[in-house]
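What follows is a set of notes on a single structure, which appears directly below.
Each reported figure results from applying straightforward, stated rules to the coordinates on display, with no laboratory input. Quick caveat: nothing in here was measured; it's all calculated off a predicted structure. Cβ atoms come from the backbone with ideal geometry, glycine included; neighbour counts cover every protein chain shown.
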C-alpha cells in the first residue's frame, strides 16, 4: 500500500512539474547565457559548462565516476530556464577536457578543486549539489567539509560508505575498471580515483547528512546489488523529515541516461522546497 501511494505521489509530482514548465515557457524569464570555458584553479584548469542566469543560487551537476559534463547536457539548459537558477556542470580533473592536475589528487582535493572553481567565478555560497553515483559520494564529502555553503542535495543512486562496508572494498575494487599501463588522462584519473577511494570512505565513515537541509535521493528500481544497495539508501534518508527517497522504477544504475526527466523534475522539486524556506 505504501509503495502504491509513493508511486502515485511521484506521478502527481511529475505532472505538476511538467505543468509548471509549460507555465514558465509562456510567461518567459531572464535569458540564460551559455558558456563553455576553462577555469584556472591554480594547480590546473577545469572545463566548465555554465548556463548562467541572475540568481543567488548555483546548481552544480556532478557526474559519476569516469564520466564528465556530457551526461547532463540534455537537462542543463532546461533546468536553468525552469528554475531561474544558474546551473554549472564541469569535467573533473583528468576527465573530459579538464587537465589532469597533480599526481597525488584525492577525493578531498577534488572537492576543494570544485570549491575553488566556483569561487574564481564569483559563486561563493548557496550551492545546490546534484551528483550521480561517485559524484553523489563527492557531494556528501563537500557537504561534510562545507556545510554552511550547501542549501540542498539531489543524490542520484549515490555511492555511500554503508554500501562499501557491507559489500567490501576489495569486492568493489574487483569490479571497478583499472588500467595497467595508463597513458591517457582519463585512464590516469580513473586509476587515481580507485587508488584513493579509501580516503573518501575514511572521511565519510559515520557521517550523516545534515538534518536541516533538504535531500532528495533517487534510488534505482533495479539496484546493482539488490540485497544491500536499497537498504543503504534507506538508511541515508531515515533520520530527517527533510530527507526523502524516490524509487526510479524500471531503471538501472545509469538513471541519468535512462530517465533524465525524473532527474530534471527531482532537481526542480528541490529548488521549490529551498525557495519556500
Packing-based order for 45-52, 58-65, using average beta carbon neighbours within 10 Å, highest first: 58-65, 45-52
Value of [θ]222 nm, deg cm²/dmol, for the chain, DSSP H segments ≥ 4, -39500 (n - 2.57) each, nearest 500: -13500 deg cm²/dmol
Modelled FRET efficiency - R0 22 Å, residue 120 with residue 199, Cβ distances, 0.05 increments: 0.35
Cα centroid of the stretch 104-173 to Cα centroid of the stretch 30-52, whole Å: 19 Å
Förster-model FRET efficiency, 22 Å R0, residue 74 and residue 97, C-beta, rounded to 0.05: 0.75
Cβ-Cβ FRET estimate between residue 171 and residue 211, R0 fixed at 45 Å, reported to 0.05: 0.90
Proxy reagent accessibility, fewest Cβ within 10 Å first, across 276, 202: 276, 202
The stretch 209-277-the stretch 66-93 distance, computed between alpha-carbon centres (Å): 18 Å
Spacing of the two label points (7 Å from each Cα toward its C-beta) at residue 36 and residue 272, in nm: 3.3 nm
The chain shape via C-alpha gyration tensor axes, a/c threshold 1.5: oblate
